[in-house]
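Okay, structure first, notes after.
The values are calculated or read from the model by the stated rules, or taken from the named source; none is laboratory data. Just so it is clear, the model here is predicted, and its values are computed rather than measured. Heads up, the Cβs are rebuilt from the backbone with ideal geometry, glycines too, and the neighbour counts pull from every protein chain shown. Side chains are part of the model used for accessible areas, which takes the heavy atoms of the whole protein and leaves out ligands, DNA and RNA. Shrake-Rupley method; radii C 1.70, N 1.55, O 1.52, S 1.80 Å.
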Amino acid sequence: MKSQADGEADDELLADVARRYYLDNTSKVDIAKQLELSRFKIARLLEEARSRGIVQIQVKSPSPIDRGLSDELAQALGLARCVVTDTSGSPEQVRSQVAQAAARILPPLVRDGDLLGLTWSRAVDAMVDHLGYLPPCTVVQMAGSLHSPSGGGTTMDLARRAAALAGGTAHAVHAPLVVDDAAAVTALRRQPGIADTLNMADALDVSVVAIGAWRSGCSTVWDAVSPEIRQQAAAAGAVAEVSGHVFDADGKLVESPLEQLVIAVSVEQLRRPPERVALAAGVHRAPAVVAAVRAGLVSTLVTTSDLARETLRVLAATEKETQ
């Protein structure tokens, strides 16, 4: 039978060594001298204390990012990256927390000399407020101007603020996002300044958009169009809105009069940037998130833990229906 010295150390000795090392910050060499043991014996005792659960080490991340849920959502959606942040508070506070998460991940995605495209939303606007810096880049406005209903700035203000952070140039679209006359839209799109800016979206390196749901209060263009257009798009299956374009649950562009009234980059241009960052918050946006991803508009999703779980539920329900 093994002796105590040859077998496992007793709990009291393990706890004593662990306490001296982890709580009192005593070195292994000094503990060895104090207990008249070798330094190697002390190292083995500390390892045994961890393996037997006498020492339990926790690492608390300063970030509110849920790494496990982020990886699970990215795998389920087939995305390169998801950033799922734990949020709380009012819708405005939640939006600000998502914006902060986006502001942390955007600068490393932008390289010197890149073209960065931005589409206005309250979340993207808040993201720019939280940015501490941007690498030198050119900022391209991806859609016509839309005034914030909360009294904030416009899309042009957003591009200029971001360009100021980057020490670069902002290219604005001097036109409204939504115009109620298709002929006027065609004429505006042909104007050199507007056409040149929209054409720059062909070469964007990074884009940032928000995912809206096709319902009141959840889309930047919902309130800018007539009830008839809203109803027509909904009847055609619209669940998501991104940069003025609406999509059905399968990610297909919804053909509606809205497409003829919007001054924005095309859906194909939205799909081109290698890095396509999308922001979303609110569990009601789960079908919209799935639609935007299926449309090819997202490579990095920044969202909340409750929306992430609801999106996983929607995906699971969809898979069950197709089986």
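Give me the accessible area per residue for the chain, probe 1.4 Å, as a whole number in Å².
Normalised by residue count, the accessible surface of the chain is 49 Å².
Compare Trp222, Trp214 by solvent-accessible area with a 1.4 Å probe and give them largest first, with all protein chains kept in place.
Descending accessible area places them as Trp222, Trp214.
With all pairs of different alpha carbon atoms counted, what Kirkwood hydrodynamic radius in Å does region 279-323 show?
10.7 Å is the Kirkwood radius here.
Please name which of Ser90, Ala74, His245 has its Cα lying farthest along the dipole of the chain towards the positive end, using unit charges on Cβ (Lys, Arg +1; Asp, Glu -1) and the Cα centre as origin.
So the residue we want is Ala74.
Could you tell me the accessible area of Ile57 in Å² (1.4 Å probe, neighbours in place), rounded to the nearest ten?
So the heavy atoms of Ile57 present about 110 Å² to solvent.
Give me the dipole magnitude in Debye, nearest 20, for region 205-268 about the Cα centre, with unit charges on the beta carbon: positive for Lys and Arg, negative for Asp and Glu.
Value, rounded to 20: 200 debye.
Mean separation of Cα pairs under 8 Å and 6+ residues apart, divided by the residue count of region 121-241: what relative contact order is that in percent?
That works out to 24 percent.
Residue separation times 0.36 nm, minus the C-alpha to C-alpha distance between Leu37 and Ser90: what's the value?
13.3 nm
Considering only protein heavy atoms, what is the solvent-accessible area of Asp30 at a probe of 1.4 Å, reported in Å² to the nearest 10?
70 Å²
Contour minus end-to-end for Arg52 and Glu72, with contour as 0.36 nm per residue of separation and end-to-end as the Cα-Cα distance?
4.2 nm
Between Gln191 and Asp112, what FRET efficiency comes out of the Förster formula 1/(1 + (r/R0)^6) with R0 = 35 Å and r the beta carbon distance, rounded to 0.05?
Working from the Cβ atoms, E equals 0.70.
So what is the orientation-averaged projected area of the chain, using the convex hull of its C-alpha atoms, in nm²?
23.7 nm²
Using θ = phi - 60° and the Karplus form 6.51 cos²θ - 1.76 cosθ + 1.60, what ³J(HN,Hα) does each residue of region 43-55 get, whole Hz, x for Gly and Pro?
Result, rounded to whole Hz: 4, 5, 5, 5, 5, 5, 4, 5, 5, 8, x, 6, 10.
Round to a whole number: what % of the accessible area of region 170-318 belongs to carbon and sulfur, probe 1.4 Å?
C and S atoms contribute 51 percent here.
Taking Cα atoms, how many degrees apart are the long axis of helix 305-322 and the longest axis of the chain, rounded to 10 and kept between 0 and 90?
70 degrees
Apply the Karplus parameterisation 6.51 cos²θ - 1.76 cosθ + 1.60, with θ equal to phi minus 60°, to every residue of region 238-245 and state each ³J(HN,Hα) to the nearest whole Hz, in sequence, with x for glycine and proline.
Result, rounded to whole Hz: 4, 10, 10, 9, 9, 6, x, 9.
Expressed as a whole percent, how much of the Cα-Cα distance distribution for region 88-147 exceeds 16 Å?
That tail contains 48 percent of the Cα-Cα pairs.
Using packing as a proxy for protection, rank 183-195, 81-93 so that the peptide with the highest average count of other Cβ atoms within 10 Å comes first.
In descending order of packing, they fall as 81-93, 183-195.
Can you check what the net charge comes to around Asp306, using other residues whose Cβ is under 15 Å from the Cβ of Asp306 (Lys, Arg +1; Asp, Glu -1)?
Taking every other residue near Asp306 into account, the sum is 0.
Please compute the Kirkwood hydrodynamic radius of region 243-323 from all pairs of different C-alpha atoms, in Å with one decimal.
For region 243-323, the Kirkwood estimate is 13.6 Å.
For the chain, modelled as a Gaussian network with Cα springs under 10 Å, which listed residue fluctuates most, Ser216, Ser70, Ser256?
Ser216
Between Arg44 and Ala317, what length comes free when the chain is fully extended (0.36 nm per residue of separation minus the Cα-Cα distance, one decimal in nm)?
93.2 nm
Taking the simple approach of a point 7 Å from Cα along Cα-to-Cβ for both Gln231 and Leu23, what is their distance in nm?
Once both label points are built, they end up 7.2 nm from each other.
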